[in-house]
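Worksheet for the structure shown next.
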Amino acid sequence: MCLQKASQMRSATLHRFLQKSEPGINFIYKLSIFYGEVFLIHEFDALVIGAGGAGLFAALEAGKNAKTAVFSKVHAIRSHTGAAQGGIGAALGNVEEDKPEWHAFDTVKGGDYLVDQAAAMILAEEAVQAVYDLENRGLPFNRTPEGLIDQRRFGGHTRNFGESAVRRACYAADRTGHMILQTLYQQCTKHDVTFYDEFQVVDVLMDGTTCGGIVAVELATGDIHVFTAKATLFATGGFGRMFKITSNAYANTGDGPAVLARRGVPLEDMEFFQFHPTGIQGMGILISEAVRGEGGILRNKTGERFMERYAPTLLDLAPRDMVSRAVISEIKQGNGIRGDKKIDDYVHLDATGIGRETLNNKLPEISSFCRTYLGIDPVDDKIPVQPTAHYAMGGIPTDVNGRVRRDGHGNFYNGLYAAGECACVSVHGANRLGTNSLVDLVVFGRRAGIHLADFIKHADRNNGKSDAAEEAKNKIAGLFKNKKQPSPRGVDLTDKMQRIMMEDIGVYRNGPDMERAVDALRELRKAYANVRVGDTNKAFNTDLLEILELENLLDLALITAESAKNRKESRGAHSREDYPDRNDAQWLKHTLACLENDSVHLSYMDVDTSLWEPKARKY
Ligand SMILES: Cc1cc2nc3c(=O)[nH]c(=O)nc-3n(C[C@H](O)[C@H](O)[C@H](O)COP(=O)(O)OP(=O)(O)OC[C@H]3O[C@@H](n4cnc5c(N)ncnc54)[C@H](O)[C@@H]3O)c2cc1C
C-alpha cells in the first residue's frame with residue numbers, strides 16, 4: 001500500500017485493512033502523518049499495561065500460550081512495586097500457628113466490612129501457594145534458623161480472629177517488592193514476553209463493550225503507536241500523586257483508571273484512599289510498618305505511647321486508618337511536635353528499642369532513608385513522621401478473575417481485564433491491611449492472566465470501530481497549539497489539585513470542605529483546557545507526558561471527591577466529622593462512579609457478606 005494513500009485513511013478503515021492482512025505478523029505501517037508524526041501499528045494476542053507485580057504475574061501466565069506485550073511508562077523494574085518494603089502476607093505458620101481463615105477474617109475486619117468476603121478467602125488461601133511459587137522462582141526471602149521463610153508482625157494481622165498480633169508477613173529484609181519485581185521480570189524475559197519500556201498508554205480502542213487494544217506514545221521518539229489484541233489487561237498501579245504528601249512514585253498517576261473512565265468504565269469505591277501513618281515529615285517518603293512490626297513505637301510530644309489509648313490490644317499495630325486518625329487527633333489536641341508551619345506538625349516513631357543489629361539486618365533501607373533524608377540515625381534518634389497518602393483501595397471494578405465490570409448487575413466488558421492497585425476486586429474494602437497489596441498482585445494478577453489466556457483461545461479479534469488514535473493525535477496537537485495567553489502551566493494546576501485533595505479529602509473530611517473541593521476541582525479541569533506544553537521537541541518530551549498525566553489525576557480527583565461527598569457515614573479510610581459513625585443500614589454498599597463530561601454519576605453495588613456478619617471494629 002502506498003504511504004500517501006495510507007496517510008489519508010481513518011484509523012477505522014485502517015483496522016479493517018489489518019483484519020484482512022496476514023495474521024501472526026507484527027505489523028508496522030507508517031500512517032497518518034501529523035507534525036512529522038506517524039502511527040505505528042502492531043498486533044499481539046494480549047496486551048498488559050503495567051510492569052509492576054500484577055502486570056508481570058499476569059504476563060507470565062498469558063505469555064505461556066499467547067503472544068504477549070507488556071508496556072511500562074518507566075523501565076519495567078522501576079515500577080512502584082520495587083519500592084514495597086515490609087512484606088507479603090501469607091498464613092504459612094512458619095513461626096507460630098496461623099490459618100488462611102484468620103487471614104481472610106482480618107482482611108474483612110480491617111476493610112471495615114466493605115470487603116467482598118469470598119474474594120478475601122481466595123486471597124488468603126492462594127497467598128500461601130503464591131509465596132511458595134515466588135520462592136520456587138528464586139525470590140530470596142529472609143529465613144528462620146531452621147531454613148524456613150521467616151515471618152514478622154504487621155498491622156491488623158491477628159491469630160484466632162483478633163486475639164493477638166501474629167507473624168504473617170514474609171519478607172526479604174525491607175526490599176520485598178524489589179525482590180518480587182526482579183524475580184518476575186527475569187521469569188518474563190525467560191518466557192518470551194515482549195517489553196515496551198517507556199511507552200505511555202493514552203487511550204483504549206473500545207468498540208461498544210469490547211476492548212480491541214490501546215494507543216501509546218513512545219517517549220524516545222514522540223511517535224504514536226496503536227497496538228491491537230484480543231485481550232488487554234490494565235495493571236497501572238496507584239494514584240497517590242493526587243495528594244501533596246504521598247509515599248507514591250512520580251509515575252503513580254492513575255492512567256489506567258482515568259483512560260477507562262473517560263471511555264465509560266465505572267470506577268469502584270474511589271472515596272477510600274489510605275493514608276499511611278508513618279511518612280517522613282514534610283516529604284511523605286514511607287517508613288514501613290515493618291518498623292512497628294519489629295518493635296517501633298509511636299510517641300507524642302510528651303513521649304507518651306498514645307496508641308495505648310486508641311487500640312489497647314494491637315497498640316501501634318492497629319490498622320492504618322485507625323493509627324493515622326490517632327496521629328492527626330494527637331496533633332489537633334496539641335500533643336504533636338511543632339513543625340515550622342502548623343501543617344508540618346508531627347509525632348515520633350521511636351525505633352531506638354529495636355537495636356542496631358535488627359535495624360541493620362532487617363530494616364537496612366529504612367535506616368539509610370533516615371540517614372540520607374533526615375540526617376539522623378534511627379539507632380539513636382526518633383523519626384519525625386506524619387500520615388502520607390499511600391494506597392488506592394478503589395479502582396477499576398473486577399471479579400476474582402480480573403474481568404472488568406460494566407455495572408453492578410454481573411455484566412462484563414469483553415477482552416478487558418484489570419489487576420493490582422488500579423483494580424478493585426474488592427479485597428481491601430474501606431481500608432487495606434499492610435502486606436495485602438503484594439498478595440493481591442500475585443494472587444489476582446495470576447488469576448487474571450490465566451483467565452485472559454483462556455479467553456484468547458476462543459475470542460475473535462475486534463479492533464474495527466475505534467478512532468482513539470486520531471483522537472489522541474488531535475488532543476496532543478491541541479496541547480502544543482493552545483494559543484490562549486497566558487496559558488496555565490500544568491505544574492501550577494498540579495500543585496493546586498494536590499493541596500485541595502490533601503486539605504479537603506484527607507484523613508478527616510466533612511460536607512462543606514468536600515463541596516468546596518468538588519467546585520475547585522471542576523474549575524481546575526476547566527483551566528486544564530488551556531494548558532500548553534512548553535517543550536516543543538518531539539523526542540523525550542516529558543513535559544507532554546506529565547501534562548497528559550495531570551488530566552488523569554484531575555479526572556480521578558473529581559471522581560474521588562464526588563464519591564466521598566455522597567457517602568454520608570464514616571467507614572475505614574473515609575472518616576467524616578459530620579457523620580462520625582458507620583451506617584450499615586444505608587451504606588454497606590460499593591460505590592460505582594461514572595464520569596460523564598463534567599459530572600460524575602453514582603450508583604451502588606451489593607457487598608458480599610456471605611462469611612462473617614459485620615460487627616463494630618475493636619482492636
Ligand atoms: C513506598 C511503598 C511501600 C510499599 N510497601 C508495601 C509492602 O511492604 N507490602 C505491600 O503489600 N504493599 C506495599 N506497598 C503497596 C504496593 O507496593 C503497591 O500497591 C503495588 O506494588 C502496586 O503494584 P502494581 O503492579 O499494581 O503497580 P505498580 O508496581 O505501581 O506498577 C505500575 C506499572 O504501570 C505502568 N504504567 C502506569 N501508567 C502507565 C501508562 N500510562 N502507560 C504505560 N505504563 C503505565 C508503570 O510504568 C508500572 O510499570 C507499598 C507502596 C509504596 C508506595
*What number of residues in the stretch 409-423 are assigned to a loop (DSSP other than H, G, I, E, B) and either more than 12 Å from the ligand (Cβ to nearest atom) or farther than 30 Å from Met121 by Cβ (or both)?*
3
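Conditions tested, residue by residue: (1) modelled with pLDDT of 90 or more; (2) more than 18 Å from the chain's Cα centre (by Cα).
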site: Val439; (1), (2): yes, no
site: Arg446; (1), (2): yes, no
site: Phe455; (1), (2): yes, yes
site: Arg461; (1), (2): no, yes
site: Gly464; (1), (2): no, yes
site: Ala469; (1), (2): yes, yes
*Residue in the stretch 154-166 that is of a type outside the set (S, T, N, Q), within 15 Å of the ligand (Cβ to nearest atom) and either in contact with a Phe, Trp or Tyr (Cβ under 7 Å, 6 or more places away or on another chain) or open to solvent by 50 Å² or more (accessible area, probe 1.4 Å) (or both) present*: no
*May I ask you to list the residues in the stretch 242-267 that are of a type in the set (D, E, K, R) and more than 13 Å from the chain's Cα centre (by Cα)?*
Lys244, Arg262, Arg263
_For the stretch 46-94, which positions are touching a Leu at 6+ places or on another chain (Cβ under 8 Å) and within 16 Å of Asn436 (Cβ to Cβ)?_
Gly52, Gly53, Ala54, Phe57, Thr81, Ala84, Gln85, Gly87, Ile88, Gly89, Leu92
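If you take the residues in the stretch 234-270 that are in a strand (DSSP E or B) and within 11 Å of the ligand (Cβ to nearest atom), which one is nearest to Thr388 (Cα to Cα)? Give the steps one after another, and end with the answer.
First, the residues of the stretch 234-270 that are in a strand (DSSP E or B): 234, 246, 267-268.
Narrowing further to those that are within 11 Å of the ligand (Cβ to nearest atom): 234, 246.
Working: Phe234: 25, Thr246: 5 Å.
Selected residue: Thr246.
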*Between residues in the stretch 421-439 that are under 16 Å from Leu588 (Cβ atoms) and residues that are open to solvent by less than 10 Å² (accessible area, probe 1.4 Å) and among the basic types (Lys, Arg), which pairs lie under 7 Å by C-beta distance while being six or more apart or on different chains?*
Ala430/Arg571
*asked:* Please determine whether any residue of the stretch 122-130 is of a type in the set (Val, Ile, Thr), out of contact with any helix residue (DSSP H, G or I) (no Cβ under 9 Å at 6 or more places or on another chain) and open to solvent by 10 Å² or more (accessible area, probe 1.4 Å).
replied: no
*Quick one: which residue in Asp504, Asp513, Asp519, Asp495 is open to solvent by 80 Å² or more (accessible area, probe 1.4 Å) and within 26 Å of the chain's Cα centre (by Cα)?*
Asp519
*List pairs: first in the stretch 39-50 and open to solvent by 10 Å² or more (accessible area, probe 1.4 Å), second part of a strand (DSSP E or B) and charged (D, E, K, R), Cβ under 7 Å, 6+ apart or cross-chain?*
Leu40/Lys30
*asked:* If I filter the stretch 430-453 down to residues being of a type in the set (D, E, K, R) and within 10 Å of the ligand (Cβ to nearest atom), which single residue comes out as surrounded by the most Cβ atoms within 10 Å (Cβ to Cβ)?
replied: Arg432
*asked:* Asp116 - would you say it is more than 21 Å from Pro319 (Cβ to Cβ) and under 22 Å from the mean Cα position of the chain (by Cα)?
replied: no
*Pick out the one residue from Ala104, Ala91, Ala66 that is surrounded by fewer than 24 Cβ atoms within 10 Å (Cβ to Cβ) and more than 11 Å from the ligand (Cβ to nearest atom).*
Ala66
*Residue count for the stretch 578-607, restricted to those that are surrounded by 15 or more Cβ atoms within 10 Å (Cβ to Cβ) and part of a loop (DSSP other than H, G, I, E, B)*: 4
*Looking at (1) within 21 Å of the chain's Cα centre (by Cα); (2) surrounded by fewer than 24 Cβ atoms within 10 Å (Cβ to Cβ); (3) not small (Gly, Ala, Ser), can you tell me which one Val427 breaks?*
(2)
*Which of the residues that make up the stretch 207-225 are buried (at least 24 other Cβ atoms within 10 Å of the Cβ) and either more than 14 Å from the ligand (Cβ to nearest atom) or not in a strand (DSSP E or B) (or both)?*
Cys211, Gly212
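Check the stretch 149-170 and report whether any residue there is of a type in the set (S, T, N, Q) and under 30 Å from Ser368 (Cβ atoms).
yes
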_Checking Ser288 against (1) within 20 Å of Gln85 (Cβ to Cβ); (2) of a type in the set (S, T, N, Q); (3) not in a loop (DSSP other than H, G, I, E, B), the condition it does not meet_ = (3)
_Options Ser563, Ser575, Ser570; residue that is open to solvent by less than 20 Å² (accessible area, probe 1.4 Å), free of Cβ contacts under 8 Å to residues at least 24 places away in the same chain and of a type outside the set (Asp, Glu)_ = Ser570
_Taking the criterion of being within 16 Å of the ligand (Cβ to nearest atom), within 23 Å of Arg241 (Cβ to Cβ), in contact with a Phe, Trp or Tyr (Cβ under 8 Å, 6 or more places away or on another chain) and not small (Gly, Ala, Ser), would at least one residue in the stretch 465-481 satisfy it?_
no
*List the pairs whose first member sits in the stretch 283-299 and is open to solvent by 30 Å² or more (accessible area, probe 1.4 Å), whose second member is more than 15 Å from the ligand (Cβ to nearest atom) and of a type in the set (A, V, I, L, M, F, W, C), and whose Cβ atoms are under 7 Å apart, counting only residues at least 6 apart or on separate chains?*
Glu294/Ile354; Gly295/Ile354; Arg299/Val347
*Please specify each residue of the stretch 361-378 satisfying the condition of being under 14 Å from Gly295 (Cα atoms) and open to solvent by 20 Å² or more (accessible area, probe 1.4 Å).*
Lys362
_Counted residues, the stretch 183-206 - those being open to solvent by 40 Å² or more (accessible area, probe 1.4 Å), more than 11 Å from the ligand (Cβ to nearest atom) and not hydroxyl-bearing (Ser, Thr, Tyr)_ = 4
*Looking only at the stretch 220-235, decide whether some residue is more than 16 Å from Gly415 (Cα to Cα) and basic (Lys, Arg).*
no
*Only one residue in Gly415, Gly410 is without any contact (Cβ under 8 Å) to a residue 24 or more places away in the chain, under 30 Å from Phe57 (Cβ atoms) and open to solvent by less than 50 Å² (accessible area, probe 1.4 Å), so which one is that?*
Gly410
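The values are calculated or read from the model by the stated rules, or taken from the named source; none is laboratory data. On a predicted model such as this, the values are computed, not experimentally measured, just so you know. Methodologically, a virtual Cβ is constructed for each residue, glycine included, from the backbone with ideal geometry; neighbour enumeration extends over all protein chains shown. When the accessible area is computed, the model is the full protein with side chains, heavy atoms only, and any ligands, DNA or RNA have been set aside. Shrake-Rupley method; radii C 1.70, N 1.55, O 1.52, S 1.80 Å.
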